[in-house]
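Worksheet for the structure shown next.
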Amino acid sequence: MSKPADLVQGTLDLLLLKLLALQPLHGWAISLRLRSLSGDVLQVSEGSLYPALHKLEQEGWIRAEWKQTENNRRAKFYSLTRLGRRQLESETESWQRLSSAISAVVQLSEA
Amino acid sequence: MRLEHWWFTVPLRFRSLFRRGRVESELDEELRFHLERKTEEGIAEGLSPEDARLRALRAMGGLEQKKEEARDTWHVRWLTDFVADVRYAARSLRRTPGLTAFVILTIALGIGMTATPLSMLDALVFRPYPVPRAGEVVTLVSTSRDNAFDSFSYREYLDIRDQVKSYDGVVAHTQLKTVGFSPQAREIPRIRGALLVSGNFFRALEVEPRVGRGFRDDEDRALGRDAVVVLGPGFWKSEFASDPSVVGRTIRLNGRDFTVIGVAPESFTGLSIFDRPDFYVPLAMAGSFTTNPEKRFFEDRDDRELMVRARLRRGVSFSEARHELTALAKNFERDHSGTNRDRGATVHTMLEMRTQATDHNWKFAVIFTTLAFVVLLVACTNAAGLLLARSRARTREIAVRLAIGAGRFRLIRLLLTESLVLAVLGGLGGIAVGYAGISAMQKFSIPAEIPVRIPFHMDARVLSASLALSVLSALFCGLAPALQSTHVDLVNGLKAADVDEPGRRRLWGRNALVVAQVAMSLMLLAAAFLMYRGFQHSLREGLDFAADAKDHVLLARFDPRLAQYDAERTRRFYEQLVQRVREKLEVKNAALTQNPPLGLEGYDLITFVPEGFEMPRDRDVFASQMDTVDEGYFETMGVPILRGRGFRASDDAGATRVAIVNEHFAKHYWPEREAVGKRIRLGGRADAPVEIVGIAQTIKSDDGPRGSEDFVYLPVAQHPVARLVLLVRSTGDPLQLLEPVRQVVRSLDPNMPMLKTMSYAELYRYAVVTGPGVAVKLVGTLGAVALLLAVAGLYGLVAYNVSRRTREIGIRMAIGARPRDVLRLVMKKGLTLVAIGTIFGLAMGFGVERLMNSMIFDAGGVDLLVYLVVVPLMVLATMLAAYVPARRASKIAPTLALRYE
């Protein structure tokens, strides 16, 4: 579909964990937030979003809770667990290692 | 970290498994919420509600698919599939209730038939000793030419204990001894079973007493000093109502006060299979329990009464332990040449101890189990055949499933689930059948003095084995049909209801099944009949006396040591007892014996050297069974003296030493000459000779299935024994003599306990009727069940063929075939299979016969009569099975048959 929205493999988990670390959100809000925070660069299709969320929940990194939204609708809110916070830290660290390594390589000036 | 991880995930998995509905609806709601938001977004952008909704739907790529994707992440797919398969299987099995019931019944019979033999085999061979780390416990045995599993004497045990280094603790115990127990002095003692054990017994076996304590080492040091006793759990319960304050109390055993110091735990049932001791007493107290007054237990190196067990030390190999003991036995032989000549020693595992060549029980268990497995195999073959037929009928259904995209593996799984459901139901039924069989076995009573424990239980081990067998049989029954039926040609499968090409290949499997069934059930029938004939044969000779004695002889056992009699008082007691009983009106005769023929205790062995007999180079002595009897014995028991004379009252301690041997013995050692007047030296070459004064008819002496053996009778006056059985021959019902005999005993000594009293019929029934009866019935049941199954299998096959060929038969009849031709056409096939099966079955029958002959019965050759009975029976039954459906086929009306389908 939309080329720029394709995420680097494995980074969706990291993004979701990060978003949920900031505040509990429901699925729809996550997709909105992701779009706006990344300036429309990152876009996640529903087909990836929900399976990813369920996987994170099965792993015990996030937990789900039915709550009222601001306009009084019932929605499933996801929040980070203690386990998830630890996972976020380790994934963030490895992402930073990876991305700095990649940019170091990419920024090599051609002789 | 890992654990914490599970803490979160496990409940989630369970939630998605068990609360499917809830989880599903939550997922629904979540996605709907998303869809609504997305639609609202579209409306906000100015689309019509309808368009906005469509766009949202498109973007989400279909709700259902999303749900499926989310579901897959739950990792419970295989389980939910399994649950669905089971539901489906149950539904499809319900559609064919008759067939389902038949298959379940078949498997139930098969499994049930194995449960009883398995419980026997487990109890007799495999069940570990009830102690911690039972695998380490080994048995040390003394070996001689005549007895490869001999015990050790007390002196030998002490030497072994102090010198071997391969073990963590070497313990010794006697066989179960009958003791007179009275809770208080003054009470007439009752008979109980006691085990004399070394002081380290409980500690080395790591058995923690339930109440109180086990023995201390110093309680087994000074001979006769520490009269302490540990109670068996069953006895504690029945006699003291499980009262813990029993510790410290005194009880009387064989007339001596013993202090109770502890109670063995419920779990410790002793190291022997059949008996459960009521008491454990230190070896040092053996003086109060001695059975052989001629031997000194603590001194004589050849008074071998002790079973020696030891816990193998960690890191020591079995063969090292064996070498060490063999070397020690060499030292014994060198240092004590008088008592240990030609005597070795070795170490045996539990399995080796329980599978001794001379023991029959475990062999029966092995044979029963093998035969039962064959029955199970027949049952499974039957079930497999039926399932195969069923899957054939479902070809179209399977083809449809394959066509719409079911994986082959998935379908096989579905079909296997069906057979698993069948097998589990059958297994449960089988456990019920087995339970009934085992309870029937437990009712079997053995006329022993101390109650014998029938150790066959439907316990967890047997249960799990049965269930495992059911699952195995599910695989066996289900796999072939499943593989075959998922292998259909799709196009044909969808077109026709029955895709069977007329080729032979497809039926090959079913035919082989029927051949196998016929063969196996023929073998089982032959085995049952052989078992019957074997017993009949072993009971044919040497039982004339018993047929008469059973209606006339009363038995009563005495042991005057229980009333603290010494040897002289014992002699006088028996003398007066026999004399006074003889004076009673209804008494024809009375006598004494150590052990009546067909008795349960087993005879002592004596070693001897026959005079004028060329001893083989490699042996010093021969061994024979022996009994000690008085002068009235042969007449009372009804055993004729063929030549020479019987014992006389004058054969007393002062007279020439005499013996009577049986005819088997006489023929064995003096085949050409007269044995009367010959002499044998009891013990060894150097011992005093005894003269053979008479030859008695050879009788069957024990309840084993073996034929006749050598036997020596010695007069009790020359070889005093304390434990004797009084035999009383009456003119009428022997049990009416019970009261008069009791009066005599009371008049002699009111405190003298009469141990086991019974009519000789009781022993006779056990040895000749019920004992062999149980074996024959068991194998007979197996054979009958197998025959039934084979008949059902054959019937099923022929009926199935007929139903498949209805149209063909119709055509044949329409163009002129007579009913007779049709009958022949249909039956020919069945009978060919029966014929092939019979040939295989005969071969297998011969095999089983050789096995049984070599293991149990002393017989060789082929028992033709067996096959003359069994084969026609088999052929007749199977012909009938084929005839019924074939006849139905010949009655088919052509017009109906052609319209069939």
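Every read-out reported here was derived from the displayed coordinates using simple, explicitly stated rules and does not represent laboratory data. Keep in mind it's a predicted model, so treat the numbers as computed, not measured. Neighbour counts run over all protein chains shown; Cβ positions are idealised from the backbone, glycine included.
Values computed for the structure shown
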quantity: Global geometry of region B:828-888, whether rounded, prolate or oblate, following the gyration tensor of its Cα atoms and the 1.5 cut on a/c; calculated: prolate
quantity: Flagged links, alpha-carbon separation over 27 Å, of A:LYS18/A:LYS55; B:LYS295/B:LYS550; A:LYS55/A:LYS76; B:LYS177/B:LYS443; calculated: B:LYS295/B:LYS550
quantity: Long-range HN-HN contacts of B:ARG309 with modeled amide H, under 5 Å; calculated: B:LEU140, B:VAL171, B:ALA172, B:HIS173
quantity: Distance histogram in 10 Å bins (all Cα pairs of chain A, percent per bin); calculated: 13, 41, 32, 10, 4, 1, 0
quantity: For region B:724-801, convex hull volume per residue from C-alpha positions, Å³; calculated: 130
quantity: Cβ charges +1 (Lys, Arg) and -1 (Asp, Glu), total dipole of chain B, debye; calculated: 3740
quantity: Highest average packing first - B:665-673, B:371-379, B:589-597, Cβ atoms within 10 Å; calculated: B:371-379, B:589-597, B:665-673
quantity: Amide H partners (placed H, <5 Å) of B:MET626, local residues excluded; calculated: B:ASP604, B:ILE606, B:VAL712
quantity: Ordering of B:808-821, B:355-368 by packing [mean C-beta count within 10 Å, highest first]; calculated: B:355-368, B:808-821
quantity: Calculated from backbone phi, Karplus (6.51, -1.76, 1.60) coupling profile of region B:605-614 in Hz, x at Gly/Pro; calculated: 9, 10, 9, 7, 10, x, 6, x, 10, 6
quantity: Peptide A:49-55, shielding by other chains (average Cβ, 10 Å cutoff); calculated: 6
quantity: Shielding score for B:346-354, defined as the mean number of other chain Cβ atoms within 10 Å; calculated: 0
quantity: Karplus (6.51, -1.76, 1.60) ³J(HN,Hα), θ = phi - 60°, over region B:203-214, in Hz, Gly and Pro reported as x; calculated: 5, 5, 7, 6, 9, 8, x, 6, 10, x, 9, x
quantity: Among beta bridges that DSSP assigns inside the protein assembly as shown, antiparallel share in %, nearest 5; calculated: 80
quantity: Relative contact order %, chain B, counting alpha carbon pairs below 8 Å whose residues are six or more apart; calculated: 15
quantity: FRET efficiency for B:SER48 and B:SER803, using Cβ-Cβ distance with R0 set to 45 Å, rounded to 0.05; calculated: 0.10
quantity: Charge tally in the Cβ shell below 12 Å around B:GLU36, where Lys, Arg are +1 and Asp, Glu are -1, B:GLU36 excluded; calculated: +2
quantity: In degrees, nearest ten, helix A:82-106 long axis to first principal axis of chain A (Cα); calculated: 30
quantity: Globularity ratio of the protein assembly as shown, using Cα Rg and 2.2 N^0.38 Å; calculated: 1.34
quantity: Only Lys, Arg (+1) and Asp, Glu (-1) charged, at Cβ; chain A dipole about Cα centre in debye; calculated: 480
quantity: Chain B pair-distance distribution - Cα-Cα, 20 Å bins, rounded %; calculated: 11, 32, 29, 18, 8, 2, 0
quantity: Cβ crowding within 10 Å averaged over residues, with B:243-254, B:713-724 ranked highest first; calculated: B:713-724, B:243-254
quantity: Shape of region A:41-91, Cα gyration tensor, a/c cut at 1.5; calculated: oblate
quantity: Electrostatic dipole magnitude of the protein assembly as shown [Cβ: Lys, Arg +1; Asp, Glu -1; Cα centre; debye, to 20]; calculated: 3700
quantity: Sequence of B:MET615, B:MET113, B:MET758 once ranked by neighbouring C-beta atoms within 10 Å, starting from the fewest; calculated: B:MET615, B:MET758, B:MET113
quantity: Computed [θ] at 222 nm, deg cm²/dmol, chain B (DSSP H ≥ 4; -39,500 (n - 2.57); rounded to nearest 500); calculated: -17000 deg cm²/dmol
quantity: Inter-chain shielding of A:57-65 (mean C-beta neighbours from other protein chains, 10 Å cut-off); calculated: 4
quantity: Mean projected area in nm² (Cα convex hull; one quarter of hull surface) for region B:627-745; calculated: 9.4
quantity: Alpha-carbon Debye profile of region B:501-643, log10 I(q)/I(0) at 0.08, 0.10, 0.11, 0.17 Å⁻¹; calculated: -0.49, -0.63, -0.71, -1.14
quantity: Likely footprinting exposure, A:TRP66, A:TRP95, fewest C-beta neighbours within 10 Å first; calculated: A:TRP66, A:TRP95
quantity: Overall form of region B:330-488 per C-alpha gyration tensor (a/c, 1.5; a/b vs b/c); calculated: prolate
